[in-house]
Each structure stands twice: as C-alpha cells, then as structure tokens.
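The next block holds one structure in the form of structure tokens; read it before the comments.
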Amino acid sequence: MNSTAEGWTATDGATLYGVEQWGKPYFNVSAQGNIIVQPRGSFHDSVDLVEIVKELQDRSLSLPCIIRFDDILEDCLKRLNTAFENAISQYGYGGCYRGVFPVKCNQQRYLLEQLVESGRRWHFGLEAGSKAELLIALSLLDDPDALLICNGYKDRSYIETAILARQLGRNPILVIEQPDEVRRIIEVNHNLDTAPLIGIRAKLSTHSIGRWGSSVGERAKFGLAIPDIIAAVEMLKAADLLGSLCLLHFHIGSQISDIAVLKDALQEAGQIYVQLTELGAPMGYLDVGGGLGIDYDGSRTATAASTNYSLQNYANDVVATIQECCSSHSIQLPTLITESGRAIASHCSVLIFNVLGTGSVPAEIPELTENEPLTVRNLRYTLANITLENLQEIWNDALKFKEDALYAFRLGYLSLEDRAKAEQLTWACAERIASLATYLNPADLPDGLKSLQLSLANTYYANLSIFRSAPDTWAIGQLFPILPIHRLNERPMYLGRFADLTCDSDGKLARFIDKGHVKTLLELHKYKENEPYLIGLFLGGAYQEVMGNFHNLFGTTNSVHIRLGSNGNYHFDNIVKGSTNAETLQAMEHDPDLLIGRLKLASEIAMKKGNITINEAQALINHLKTSLSEITYHLQ
Ligand SMILES: *Cc1c(COP(=O)(O)O)cnc(C)c1O
C-alpha cells in the first residue's frame, strides 16, 4: 500500500477539492472536515457552514438554500476599491476611481441594498441596463457623489427619466450605445430645462477571446464604431450638447481570462478618450466596463474558468495604461470607472443542496450456500483477495470467471440462482476495485481501471434544479466549485455526478473544476440512508439565481443573509422563503383554487361511483392543498 492509503485528513480533502486555491480568502476546511467560511477574509472570525445549515433547518428553512454572506460582499467591494487606491498611489495617478455595480448581475433587493450601504464610503454607484433596473438604481442611490451609469437600449421615456432625475440630485449618465440614441437624446432634451450627462460606448477593434468574445469588435451588438462616434460628436455639437459629453465607455465581455486582451483594449480606448477631448468634449470619466474575472478553479491560468491575473494586476494595468496615454497628450486624467459585476457578487453566495439518494450498481454480496459451483467459488475467492497492488490483475481474473459462469450457464451447467450470484459477485469485485483505485494517482491508473471507474460512476440525486439555481452550468458549460461541505476528513471512495430534480436529461452537474482542466466525475463519499449528505455550489452569486427559470415548475429556493457580529457570532437576516407551488403555478397563469376545485368535483363523482371513500378523497385534497403552500423542492 502506498502512503496515502493509510490516513486521510481534512487537509487531504481540502487539497483534493482545491479549496485552498479557489476558496481564498473566504473558504477553508476545519480539522473536523467541514467547510468553514471566513466572511471577512483569512485570519478573521470563521463560521462552520454545516452548523449554519443545521440552524436554518431549526428555523424550518429546508434545502436547497442560498446563504448570502453580507460581510463577503462588503469585503469584495473593499478589495476592489483598495486595489485601485493602491494602484493610484503607486503610479501617482492624478485622478480617482469610482466603481459601479451592474444591477443585471444580481438584482436581488437585499443584496443591492447591502451593496449600496457597504459601498457608501467609496461612493460606489450602480449601472442599469433597462428601465426596471434604472428604477432600482434611482431609488437606491441617494449619494450625490455616486455614479449611475445608464446602459442598454434607451427609448424616449428612459432618456427623459434619466434627465429629470438630475433634479433629485441623482446623476445618471446616459451612455449612447446605438447611433440613433444621439438623435433621441437631443430631441428629448429639447423640451427639458435640465442638461443630460452623456457618455459614448465605443466599439473597440480589440477582440476578447472565449465565451464573450463576440461582445466586442466591429460587429458587436453594442457601441458606436469610430465613424459613428465622429458623427455623434458633430450632432451633439450642432445641438449645443457637446458640453454634456463626459464619459467614454467600453466593455469587452465578461470573465476576461487573459489580461493581455484588456491591455490592448485600454490602449485603444485611451486614444479615443484623448481624441474626444481634442474634439472639444469636456469628458472627465473613462469607464472600462466589466469583465474582471473570477478564478473559479483556482488555477491562475488564462482558461475559461480562471484568470491569469490578480485583482491588483488588473487595477495596475487600468491605471498605468490610461495614465501613460493621457499624460503623453497632456490632458487631465479621467476618473476611472469599472462596472465589475462577477468580481463583486460571486463569492458572497453559497448554494447548499442535499443528496436524496444514489443510483448505484447491485453490488450486494450474496449469501454463501453449500456446494456452490466452482465459478461462483472462484469469484468469492477473487473478491476476498483484492489488494491495492493487484487491482488490474484481479479485475482480469474476475472478468474471466464471469465469462466462465456465462459459458457454464449456456451449456446448462449453472442454475439461474448461481448465475445471479456470479453476476452480483462480479459487481462486488468491480466496486471494491474501483473504490481502491481512488487511492492511486489517477495519472498512473491503467486504462482498464479507468474505464471500470467510469462505468461504475454513481449518480447522486440532488435536491435542486440546475435550471433555477445554476443555469450557466447548462447554458454555457460554466464551471463552479462543487463539493461536499462535510466529511472532508474522510476519504471519498466513489466517483459520481449529480442528477437534478427536473425531468430533463440536461438537468445534471457533470463537469467539475480540475486545476485548469475539467473532470466529468467528482470524488464523493458513500451516501448513507438517513444521514444528510450536503453539497455546496460556490462562487455562484453572479448571474445564477437571477437568470434561473421555472423549468418543471421548480421555483426559487429558500435564501438567507448572514451577518457577522463583533464577537465572532453571526445572525440571520432577510430570511426569504422560496416560491411555493401555488406561486409557481400562478406564474404560469394557473389559478390554484380553480385547480383544487376541479379535483374536488372529480372526487365527488368518484365517490358517487364508489371508486374512492370519503376519507381517501379528503386525504387526497388535503395533500394537494398543503403542497400549494410548500416550497417546490423535495421536503426532508
Ligand atoms: C454585463 C455587463 C457588465 C458586468 O460584467 P462582469 O463580467 O459581470 O463584470 C458590465 N458592463 C456592461 C455594459 C455589461 O453589459
């Protein structure tokens, strides 16, 4: 046996799931093998995630549940602002930084309220991409020094709202994304006394790579090409509005994995900014959009689930590139804006779901009886003699004995019962060999054992809908850290994937982070009946729950905010129950009362015919009524 076969500690568990890489500085593993959360970063107070789940269950909040750590949100904001403060002082940049949060990344009320509150000390603002988001931003942002960036398609009422809101002390900047918006802004402004604040979104020629690469370049959906920018400046000048042009914006797509792409974009945008001031626009703001990436797999590589740069690298590049560009033309340095969504909202929310059971092979060992035929005895002997050293060899033996059994059966020498035993014993050998193979380095496994592991992989039935809670795993193959939140001090002896509650064959989690690669099976523990097996999906606070849908009528999950106290304890806040069955039905225009009414009628008819007793009918209707007020997931 090699050395890893002996003990297994929580540290081994942390290493296996890469917690030290992707989890820093908020997630770690306790000596007891539970995931712990350090909401204010390493070296600060920590809370045990399993404890939290227990306390939630005491409050009748069942799984799946989203736990949002307000302190993590605040810490992420702090890190972003600090990174820019550091960069500004390191390069002696003669301007400031003023970030905004794109509302579309997570529109949840309590998250946004918390974000605005936590961001107040940096005058952190919001970015809106639609009229509804504008309404949220206008009502939440009461700090006159915070910015409100208005992106997205803008009709007359959007434009008029943004201009009129200036009278309330809000400062929405209308970013022109489409050539015809210039004309519309000019027209709307004509009838108003207040001047708008105007920005222009540039279509850069710099191409991002990866998933969102097509959001830039000449054929991008948004932004003005250079000739359109020139035309817009002339139109604004003619309408006496050039004095309102204060911002240049670009956005090269989400999850920028490679910092080199950003540098190119910054240089290009910096030149456009300089030229716009030379054309007579006052300017003052340069908005570098979103795209600051998250290291989902902790590999620090330019792969889709990672980034090849740190937050500080990012801030340094923005500050240094723009400084170089503007200083060489002796123009005043702009206030720098980022619209980072993913980088602010991902870490604070953790989705916990439980496993309802596993679909595994029938590997029970049949009872020993007298006078078993040789092939069955051979398989028993094989099973008893599996060791870590002979895995491949002994698997070959098992396969041969199984062949022998089949041959004997065909010739009439083996009873049906004995053939059943032979098959069960073969499965038992396979299971034992595959689980011992998890002790070995995957790279050293012979192909035969690898494919054995694959064919024995278990399906773990997960109490969630990926369409609701992790839609990007399905829509764009996004990876998240997914792992058990307890038993990490116990060697996971199985390989598995998750199937969700929906009746959709796409409803599964079968791609997992693997240090710069992807693995299709995850190391998991034996599922024990009557003992919860809790799984966490981490870093999913951006774009997941808010983009989720009602597939199969699974609704929102329960959710809760957690805030750390001064003495290391924590309290629950904003407990929100997930959608009930009645609510998801109503979302599709069904009337729950009417549905129940129809079934009452059907049960009256069935009673008359003598097909159902009154007690049975009552029970049936009561079940249906109760379920209307319950959440849509499997209740424990
Ligand atoms: C989506 C979006 C963002 C946010 O991007 P992240 O990758 O989440 O930082 C910022 N700006 C604009 C214009 C967007 O459309």
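The values are calculated or read from the model by the stated rules, or taken from the named source; none is laboratory data. Here the structure is a predicted model, which means the values were calculated and not measured. Cβ atoms come from the backbone with ideal geometry, glycine included; neighbour counts cover every protein chain shown. In case anyone asks, the SASA skips ligands and DNA or RNA and just uses the protein heavy atoms, side chains included. Shrake-Rupley method; radii C 1.70, N 1.55, O 1.52, S 1.80 Å.
I need the full set of residues from the stretch 46-93 which are of a type outside the set (S, T, N, Q) and open to solvent by 60 Å² or more (accessible area, probe 1.4 Å), in order please.
Glu51, Lys54, Asp58, Arg59, Lys78, Arg79, Glu85, Tyr91
So which residues in the stretch 571-616 are more than 14 Å from Phe550 (Cα to Cα) and of a type in the set (S, T, N, Q), if there are any at all?
Matches in the stretch 571-616: Asn574, Ser603, Asn611, Thr613, Asn615.
Taking the stated definitions as given, is Ile337 within 16 Å of the ligand (Cβ to nearest atom) and under 36 Å from the mean Cα position of the chain (by Cα)?
yes
Taking the stated definitions as given, is Gln312 closer than 19 Å to Glu85 by Cα, open to solvent by 30 Å² or more (accessible area, probe 1.4 Å) and out of contact with any Phe, Trp or Tyr (no Cβ under 6 Å at 6 or more places or on another chain)?
yes
Return the pairs, sorted by first residue and then second, in which the second residue is away from the ligand (no atom under 12 Å from the Cβ), the first residue lies in the stretch 98-118 and is hydroxyl-bearing (Ser, Thr, Tyr), the beta carbons are less than 6 Å apart, and the residues are 6+ apart or on different chains.
Here the result reads Tyr110/His561; Tyr110/Asn574; Ser118/Glu74; Ser118/Leu77, each pair linking the stretch 98-118 to a residue that is away from the ligand (no atom under 12 Å from the Cβ).
Could you please find all residues in the stretch 347-365 being within 16 Å of the ligand (Cβ to nearest atom) and surrounded by fewer than 24 Cβ atoms within 10 Å (Cβ to Cβ)? Spell out the reasoning first.
Looking only at the stretch 347-365, we keep the residues that are within 16 Å of the ligand (Cβ to nearest atom), and these are 347-349.
Passing the criteria: none in range.
Of the numbered conditions (1) open to solvent by 40 Å² or more (accessible area, probe 1.4 Å); (2) modelled with pLDDT of 95 or more; (3) under 31 Å from the mean Cα position of the chain (by Cα), Asp240 satisfies every one except a single condition; which is it?
(3)
Here is a yes/no grid of residues against (1) on the phi > 0 side of the Ramachandran plot; (2) at pLDDT below 95; (3) acidic (Asp, Glu); (4) in the same structural domain as Ser254 (by the TED database):
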{"site": "Thr303", "(1), (2), (3), (4)": "no, yes, no, yes"}
{"site": "Ile344", "(1), (2), (3), (4)": "no, no, no, yes"}
{"site": "Phe353", "(1), (2), (3), (4)": "no, no, no, no"}
{"site": "Thr358", "(1), (2), (3), (4)": "no, yes, no, no"}
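Could you please find all residues in the stretch 129-148 being in contact with a Gly (Cβ under 7 Å, 6 or more places away or on another chain) and not in a loop (DSSP other than H, G, I, E, B)?
Leu148
Can you give me the ranges of the strands (runs of 3 or more DSSP E) entirely in the stretch 26-121 with at least 1 residues that are assigned by the TED database to the domain that holds Tyr153 and within 16 Å of the ligand (Cβ to nearest atom)?
Fully inside the stretch 26-121 and qualifying: 100-102.
Filter the stretch 292-334 down to the residues that are within 16 Å of the ligand (Cβ to nearest atom), within 25 Å of Ile67 (Cα to Cα) and part of a loop (DSSP other than H, G, I, E, B) and list them by number.
Residues satisfying the conditions are Leu292, Gly293, Ile294, Asp295, Tyr296, Ala305, Ser306.
For the subset of the stretch 262-291 comprising residues that are under 30 Å from Ala238 (Cα atoms) and part of a loop (DSSP other than H, G, I, E, B), which member is farthest from the ligand (Cβ to nearest atom)?
Gly280
Would you please list the contacts, defined by Cβ atoms under 7 Å and residues six or more apart or on different chains, that run from a residue in the stretch 535-553 that is under 28 Å from Pro492 (Cβ atoms) to a residue that is aliphatic (A, V, I, L, M) and within 16 Å of the ligand (Cβ to nearest atom)?
Leu539/Ile294; Gly541/Ala345
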